[in-house]
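The values are calculated or read from the model by the stated rules, or taken from the named source; none is laboratory data. Everything quoted here is computed from the prediction, not taken from an experiment. Neighbour counts are summed over all protein chains in view; Cβ atoms, including those assigned to glycine, are modelled from backbone coordinates with ideal geometry. The protein model used for the area step is the full one, side chains on, heavy atoms only, and it has no ligands, DNA or RNA in it. Shrake-Rupley method; radii C 1.70, N 1.55, O 1.52, S 1.80 Å.
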Amino acid sequence: MIITFYSPAAVKAQVGDKSLVFSPGDRNTYRSKPSRFSADIFLVNINNSFSAIKKDDLSEEQSLIDGPGEYELAGIFIKAFASSGPEELINTIYVVDFEGIRLAHLGALSSVELSNEAAEEIGSADILFIPIGDQGTLSPAQAAKLATNIQPKIIIPIFFDEKGKNLTLFKKEIGEDSGEILDKLSIKKKDLEGKESEVVILSAI
């Protein structure tokens with residue numbers, strides 16, 4: 001699996017010719033059209049008028065999910081849960097089983113209060129994408145506490161400010177002095193063995 005990051009929260013995961021994008025963001029985020037992602041599935045966290053992806057933008061081969069439920073598309077299993085987002089908007093959390101790796105993308109989560117079902121599903125994540133304070137999301141301290149409770153194999157911060165202040169605070173709270181910085185993360189299921197709450201920082205494309 002190859003994972004790439006597009007600031008502030010968009011994440012593309014690709015295995016072979018299958019791909020999905022979490023949190024494609026708003027129309028002001030990208031300099032080019034959303035089709036640049038060339039993804040099969042788009043998972044929208046905050047479904048409002050500013051969403052970068054609309055169903056009319058997609059081809060017949062592409063799919064969009066923008067709310068809670070259970071889905072299976074192209075052999076990818078997706079569970080989506082409603083949660084609190086910034087400015088009282090509804091944020092959708094996604095937990096995805098993709099080619100043997102379990103991904104949890106918390107989107108623009110603004111509260112640590114989760115439903116029991118959501119908490120249980122997130123708790124089995126291999127890779128956790130967690131917001132750390134920018135744009136009204138969880139504070140670095142809240143994010144660190146939640147990530148510690150979940151204990152995924154890998155933690156990847158999203159929604160951090162350009163100057164890196166929130167990132168510094170998050171790493172301090174979670175007890176991680178550095179955190180590996182990568183242009184992209186290439187990983188297989190077997191690579192996750194032995195990992196425990198390892199922080200990986202992805203440079204935005």
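Need one word for the stretch 63-205: rounded, prolate or oblate. Basis is the Cα gyration tensor (sqrt eigenvalues a ≥ b ≥ c); a/c below 1.5 gives rounded, then a/b vs b/c decides.
oblate
What is the chain's relative contact order, in percent, from Cα pairs under 8 angstrom and six or more apart in sequence?
17 percent
Can you tell me the accessible area per residue over the chain, all protein chains present, probe 1.4 angstrom, in square angstrom?
Computed with neighbouring chains in place, this is 50 Å² per residue.
Give Lys145/Lys189; Lys163/Lys190; Lys12/Lys79; Lys79/Lys165; Lys55/Lys190 a once-over and call out the pairs whose C-alpha atoms are over 28 Å from each other.
The answer is Lys163/Lys190; Lys79/Lys165; Lys55/Lys190.
Any chance you could run the full-extension gain for Thr148 through Asp161? It's 0.36 nm times the residue separation minus the Cα-Cα distance, nm to one decimal.
Gain on stretching Thr148 to Asp161: 2.5 nm.
Over the chain, with every protein chain in place, what whole percent of the accessible area is carbon and sulfur at 1.4 Å, could you tell me?
After summing per-atom areas, the C and S share lands at 45 percent.
Taking Rh as the Kirkwood radius, which is the inverse of the mean 1/r over Cα pairs, what is the Rg/Rh value for the stretch 135-205?
0.95
For Asn149, what is the net charge nearby, where nearby means another residue's Cβ is under 15 Å from its Cβ and Lys, Arg count +1, Asp, Glu -1?
-3
Once every DSSP H run of n ≥ 4 in the chain is given -39500 (n - 2.57) and the sum is divided by its residues, what mean residue ellipticity at 222 nm do you get, rounded to the nearest 500 deg cm²/dmol?
Counting only the DSSP helices, I get -4000 deg cm²/dmol.
How high is the relative contact order of the stretch 87-158? Use alpha-carbon pairs under 8 Å, at least six apart in sequence, and give a whole percent.
29 percent
In the neighborhood of Arg102, defined by Cβ-to-Cβ distances under 11 Å, what is the net charge if each Lys or Arg adds +1 and each Asp or Glu adds -1?
Every neighbour counted, the sum reads -1.
Exposed loop sites here are GluC sites (Glu not before Pro) in DSSP loop states with at most 11 other C-beta atoms within 10 Å. What is the longest stretch of the chain lacking them?
Answer - 1-59.
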